[in-house]
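Read the structure below first, then the notes.
The values are calculated or read from the model by the stated rules, or taken from the named source; none is laboratory data. Note that the structure is predicted; figures quoted are calculated from it, not measured. Neighbour counts are summed over all protein chains in view; Cβ atoms, including those assigned to glycine, are modelled from backbone coordinates with ideal geometry.
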Amino acid sequence: MSQQGQETKKILVSPEQLDKRIVELGEQITAAYQGRKLIMVGVLNGAFIFAADLCRVIDIEVEIDFIRVASYGASTESSGSIRLLMEPKLDMTGKDVLIVEDIVDTGTTMAWLQEHFNQSGARSVKICSLIDKLERRAVSISVDYVGFTLDQGFLVGYGLDCAERFRNLPGIYSLDS
């Protein structure tokens, strides 16, 4: 990567496009989970902005919790090994779990999380990801609710980061060095 601050950012998804798509996802999730006990589990740190906006447009009762796992560190490449850093506090037994993630690329973390929640006694485990980046998929995983499918570059903004930088950008950008 180039020197800090020298990266070029190209906007791929505007704040307005994000808002519109998140409302659509909220409507889909509301319809799918009517009359069920839903727990949204946001994956920290990247999904916190998306999870906050998404939960406000879901029009059913929902419990919200977070999990923290690590597979990237300060690198732009996944290490392939998953470390659980923080477990959710809510009991998942018999409930429907919706994992909310910022980006699914290799699929390794999502496959691990699905198995983790299935072993926790969840009734069902589905995935909602802001970005589905199919070009890098290494593990067969299905994303149930997709905000955007993007395959270009290293993505930052709206919670997505590069070594903890750029999370605060209001849209989604491709980062080039």
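Annotations for the structure displayed:
- Number of the condition not met by Ser78 [criteria: (1) buried (at least 17 other Cβ atoms within 10 Å of the Cβ); (2) modelled with pLDDT under 95; (3) assigned to a strand (DSSP E or B)]: (3)
- Restricting attention to the stretch 126-167, the residues being of a type in the set (A, V, I, L, M), in contact (Cβ under 8 Å) with a residue 24 or more places away in the chain, part of a strand (DSSP E or B) and under 25 Å from Ala32 (Cα atoms) number 3.
- When the stretch 50-69 is filtered for residues that are β-branched (Val, Ile, Thr), touching a strand residue (DSSP E or B) at 6+ places or on another chain (Cβ under 8 Å) and under 18 Å from Ile22 (Cβ atoms), the ones remaining, listed by number, are Ile58, Ile60, Val62, Ile64.
- Some residue of the stretch 111-132 being modelled with pLDDT under 95, touching an Asp or Glu at 6+ places or on another chain (Cβ under 7 Å) and surrounded by 19 or more Cβ atoms within 10 Å (Cβ to Cβ): no
- The set of residues from the stretch 36-67 being part of a loop (DSSP other than H, G, I, E, B) and either among the aliphatic types (A, V, I, L, M) or within 26 Å of Val156 (Cβ to Cβ) (or both) comprises Asn45, Gly46, Ala47, Arg56, Val57, Ile58, Ile60.
- Top-ranked residue of the stretch 138-155 - restricted to ones that are over 13 Å from the mean Cα position of the chain (by Cα) and either among the β-branched types (Val, Ile, Thr) or within 13 Å of Pro15 (Cβ to Cβ) (or both), ranked as surrounded by the fewest Cβ atoms within 10 Å (Cβ to Cβ): Val139
- Residue tally, condition modelled with pLDDT of 95 or more and basic (Lys, Arg), over the stretch 9-35: 2
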